[in-house]
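The next block holds one structure in the form of structure tokens; read it before the comments.
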Amino acid sequence: MQKKNLYKLILLLCFLIGIAGLFSIYISNLQIINRSLNEIPGARIVVMIILIRMSILLGNSIYMYFRWFKQEMQYLSDIRFLFATFFLVLAFGKAIDLFFDLTYMFFNESMNLMVIKLRYLLIIFTVLPLIYLSITMILYSLSLKDRFKKFKDENFQNKVNLSIILLIILIEIILVSIVPNTNSIAILLPCVVIPSLIIIVWLFAFAYKHKRLSQVNSLVLLIGFSLYLVSQIMRPLIQAIVGENAFYVNIVELIDLIIFFIIFLGFYLDANFGISTG
């Protein structure tokens, strides 16, 4: 089997397994979901907005995978593959977000904690492709300095990158696993998401300054992910002002919807400079 066909088969299987998992979760709690839709004001609007955002994320993912498969050769380190995977996992994450929004009022503490932990695990794997790309850029920048010449060795660089990624995954999974309650895990989210987004913003600032990542428009992506970072920082403030309700969810999802449209433009508009990392 050709490598391209093997990649397509693996991606299809992963997608179908994810869909099957989501389907089973929703079907097994259908009664609670129907109750939420009928009793919680604004719940149906929340569903509509999140579904629109999921559709945009899936569209972005399909677009990036399509461009990746159109390449003569496919490498897992290609920026198109990494971002296609980022969008795909994020779309599944939004499905878990929607499930939580529709059930948290009717679940007990332990059930809510289980759902949130599942979502946090998805967050870890959502940002992983971008963290990988960021570490690659950091190691590349170090390789330009005389005292870090060993990073010019691609094999050594890949080993260091993989070691850092595995360490990050291990630490974050342990932290998510040992959190005892929903109040504590709410503190953990900024510790996972915000540092990751800061690294990603640095990535595109570096790429724009040094004219790297020619397959995308790094300036637009820098703006998009900077806005996304700000939106994540502002979420607790918005929640404190309007409360944990459907109106709050609608506000933050609409903001993120606009932001991810900007991010999509960054992938659609190619830059006219630099060299490809793929």
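The values are calculated or read from the model by the stated rules, or taken from the named source; none is laboratory data. All of these numbers come straight from a predicted model, not from anything done at the bench. Virtual Cβ from ideal backbone geometry, glycine too; neighbours counted across all protein chains shown.
In this structure, is residue 204 in contact with a Ser or Thr (Cβ under 6 Å, 6 or more places away or on another chain), of a type in the set (Phe, Trp, Tyr) and surrounded by 19 or more Cβ atoms within 10 Å (Cβ to Cβ)? Lay out the reasoning, then the answer.
Details: in contact with a Ser or Thr (Cβ under 6 Å, 6 or more places away or on another chain): yes; of a type in the set (Phe, Trp, Tyr): yes; surrounded by 19 or more Cβ atoms within 10 Å (Cβ to Cβ): yes.
Taking the combined requirement at face value, the residue satisfies it.
Given the residues 69, 107, 99, which is the only one that is at pLDDT 90 or above and either farther than 17 Å from residue 19 by Cα or of a type in the set (Asp, Glu) (or both)?
On the way: 107 fails: at pLDDT 90 or above; 99 fails: either farther than 17 Å from residue 19 by Cα or of a type in the set (Asp, Glu) (or both).
Result of the check over 69, 107, 99: 69.
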Being closer than 15 Å to residue 47 by Cβ and within 22 Å of the chain's Cα centre (by Cα) is the filter here; which residues of the range 92-108 pass it?
94, 95, 96, 97, 98, 99, 100, 101, 102
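Here is a check on your reading of the model: is residue 212 over 20 Å from residue 256 (Cβ atoms) and surrounded by 12 or more Cβ atoms within 10 Å (Cβ to Cβ)? Spell out the reasoning first.
Numbers: over 20 Å from residue 256 (Cβ atoms): yes; surrounded by 12 or more Cβ atoms within 10 Å (Cβ to Cβ): yes.
Yes, satisfied.
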Residues satisfying the stated conditions in the range 199-231, i.e. at pLDDT 85 or above and among the polar types (S, T, N, Q)
217, 218, 226, 231
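Go over the candidates 45, 56, 33 one by one and state the one that is buried (at least 16 other Cβ atoms within 10 Å of the Cβ) and at pLDDT below 90.
On the way: 45 fails: buried (at least 16 other Cβ atoms within 10 Å of the Cβ); 33 fails: at pLDDT below 90.
Result of the check over 45, 56, 33: 56.
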Name the pairs whose Cβ atoms lie under 6 Å apart, with the first residue in the range 118-135 and farther than 14 Å from residue 171 by Cα and of a type in the set (Lys, Arg), the second part of a helix (DSSP H, G or I) and modelled with pLDDT of 85 or more, and 6 or more positions between them or separate chains?
119/96
Looking only at the range 102-114, count how many residues are within 20 Å of residue 53 (Cβ to Cβ) and surrounded by fewer than 20 Cβ atoms within 10 Å (Cβ to Cβ).
2
Every residue from the range 86-115 that is under 21 Å from residue 247 (Cβ atoms) and in contact with a Ser or Thr (Cβ under 6 Å, 6 or more places away or on another chain):
102, 112
Looking at (1) under 21 Å from the mean Cα position of the chain (by Cα); (2) more than 30 Å from residue 32 (Cα to Cα), which one does residue 72 not meet, given that it meets all the others?
(1)
Of the residues that make up the range 250-264, is at least one surrounded by 16 or more Cβ atoms within 10 Å (Cβ to Cβ) and among the charged types (D, E, K, R)?
yes
Looking only at the range 19-35, decide whether some residue is of a type in the set (Val, Ile, Thr) and either within 17 Å of the chain's Cα centre (by Cα) or within 15 Å of residue 94 (Cα to Cα) (or both).
yes
With criteria (1) without any contact (Cβ under 8 Å) to a residue 60 or more places away in the chain; (2) more than 26 Å from residue 194 (Cβ to Cβ), residue 106 comes up short on (1)
Would you point out the residue of the range 207-250, among those that are small (Gly, Ala, Ser) and in contact with a Ser or Thr (Cβ under 6 Å, 6 or more places away or on another chain), that is nearest to residue 101 (Cα to Cα)?
207
